[in-house]
Amino acid sequence: MAPDPGKWERMAFIPKSRYVSDPAPVDRTPFPVYSALVAQWVQAGRTVPGMPDREWERLMATPVWPTW
């Protein structure tokens, strides 16, 4: 800040928030609870996040209007 509150002066200061830093490394180890839940959902034939959804693909492959 300028020494006098009534003055506006150009300051050679860039706050730290303007600097771009590398993102924190992502931990790729699966969570045990999530892994168990995914295994149960796969066995039950349910949709699992991150995996293809067979029902959605089937619905999108069917035409909306009947073809005669």
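The values are calculated or read from the model by the stated rules, or taken from the named source; none is laboratory data. Just so it is clear, the model here is predicted, and its values are computed rather than measured. Because the Cβ atoms are built from the backbone with ideal geometry, glycine has one as well, and the counts that use them run over all protein chains shown. Side chains are part of the model used for accessible areas, which takes the heavy atoms of the whole protein and leaves out ligands, DNA and RNA. Shrake-Rupley method; radii C 1.70, N 1.55, O 1.52, S 1.80 Å.
A few remarks follow.
- Distance (nanometres) between label positions extended 7 Å along Cα→Cβ at VAL48 and TRP8: 6.0
- Rounded accessible area of SER21 (nearest 10 Å², 1.4 Å probe): 90
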